[in-house]
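Here is the structure we will look at, set down as structure tokens.
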Amino acid sequence: MNEESYCSKIEVRKSCLQQRAALGEQERSNKSFLIRKKLEDLPEFKTAQTVMLFLNFRDEVETTASAEAVIACEKKLILPRCAPKGILLPLKVSNLVVDLEPGAWGIREPKLTNEEVNPLEIDLVVVPGAGFDLQGNRLGYGGGFYDRFFPRLKSLTPRVALGFECQIIDQVPVDKHDAKMTKLVTEKMVYDFGTIANQ
């Protein structure tokens, strides 16, 4: 990554996160509910037997109810745990109380004692992000955890990002290692990027 691209990402990320933070708590809750309904109505969600979700932190789209829905539907719920060297551990979670603990940044993460799942078994990955564009690009939080993790999945495993409309920008600054999303779900609609995510 060149210095110009790196600086651009920092600035764009900051702007996107400011937009998201400006949402009031009630507005964020209402929009999260709409996003949750759209996510759970996706064919990819309905057919998936093993779903990797993230648990929301700070002002992200709220995902706890969707995680509970995965467990209630007797699907296998996978949650990420951040490990050293930018590694994301996919760990199985059966109970959102017993199986979790606060991670390094206060994010709810699976305990290390939970079973680690082979990424090739995952049928759907639901992804957070700071910003998105309508070409399927995602701007993460700068750690590169998901971009390192995606190559470990089956090539056609759907990558569905969740975000608010206010996080969509004209063009996300990207580098070669940045993976495209299959879909983006917002409170307004589901943006389908088709097969471009797997090219």
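The values are calculated or read from the model by the stated rules, or taken from the named source; none is laboratory data. What you see is a predicted model, and the numbers here were worked out from it, not measured in a lab. Here Cβ is always computed from backbone atoms with ideal geometry, including for glycine, and neighbour counts include all displayed protein chains. Surface areas here come from the heavy atoms of the whole protein model, side chains and all, with no ligands, DNA or RNA. Shrake-Rupley method; radii C 1.70, N 1.55, O 1.52, S 1.80 Å.
Side notes on the structure shown:
- If R0 is 30 Å, the Cβ-Cβ spacing of Ser94 and Glu40 corresponds to a FRET efficiency of close to 0.95.
- Extended-chain gain in nm, criterion 0.36 nm per residue less alpha-carbon gap, Glu68 and Ser8: 17.9 nm
- Evaluated with a Cβ-only charge set (Lys, Arg +1; Asp, Glu -1), the chain carries a dipole of roughly 220 debye about its Cα centre, given to the nearest 20.
- Under 28 Å from the Cα of Lys38 - lysines, other chains or at least 8 residues apart: Lys14, Lys46, Lys75, Lys76, Lys92, Lys154, Lys180, Lys183, Lys188
- Relative contact order of the chain, defined on C-alpha pairs under 8 angstrom at six or more residues apart (%): 22 percent
- Cα gyration tensor shape of the range 107-156, rounded if a/c is under 1.5, else prolate or oblate by comparing a/b with b/c: oblate
- Considering helices alone, the calculated mean residue ellipticity of the chain at 222 nm is -8500 deg cm²/dmol, with DSSP H runs of length four and up weighted by -39500 (n - 2.57) and normalised per residue.
- Overall, the range 127-199 carries a charge dipole of about 380 debye about its Cα centre when +1 sits on the Cβ of Lys and Arg and -1 on the Cβ of Asp and Glu, all other atoms neutral.
- For the range 44-140, the carbon plus sulfur part of the accessible surface works out to 54%, probe radius 1.4 Å.
- Alpha-carbon centroid distance for the pair the range 21-64 / the range 97-120, whole angstrom: 19 Å
- You can think of it this way: the chain between Met189 and Lys111 has 24.7 nm of extra reach, that is 0.36 nm per residue less the Cα-Cα gap.
- Remark: the range 1-105 carries a charge dipole of roughly 140 debye about the Cα centre, counting +1 on each Lys and Arg Cβ and -1 on each Asp and Glu Cβ.
- Longest DSSP-loop-exposure-free segment, trypsin sites (Lys or Arg not before Pro), the chain, at most 16 other Cβ within 10 Å: 1-57
- More than 19 Å apart - percent of Cα-Cα pairs taken over the range 1-107: 57 percent
- Three-way shape call for the range 48-132 based on the alpha-carbon gyration tensor, with the a/c threshold at 1.5: rounded
- Length gained on full extension, Gln171 to Lys85: 28.1 nm, using 0.36 nm per residue less the C-alpha separation.
- Where the chain is the region considered: accessible area per residue in Å², 1.4 Å probe: 51 Å²
- Among the GluC sites (Glu not before Pro) in the range 96-199, those placed in a DSSP loop whose Cβ has at most 16 other Cβ atoms within 10 Å are Glu115.
- Beta bridges by DSSP in the range 1-101, antiparallel share as percent, to the nearest 5: 70 percent
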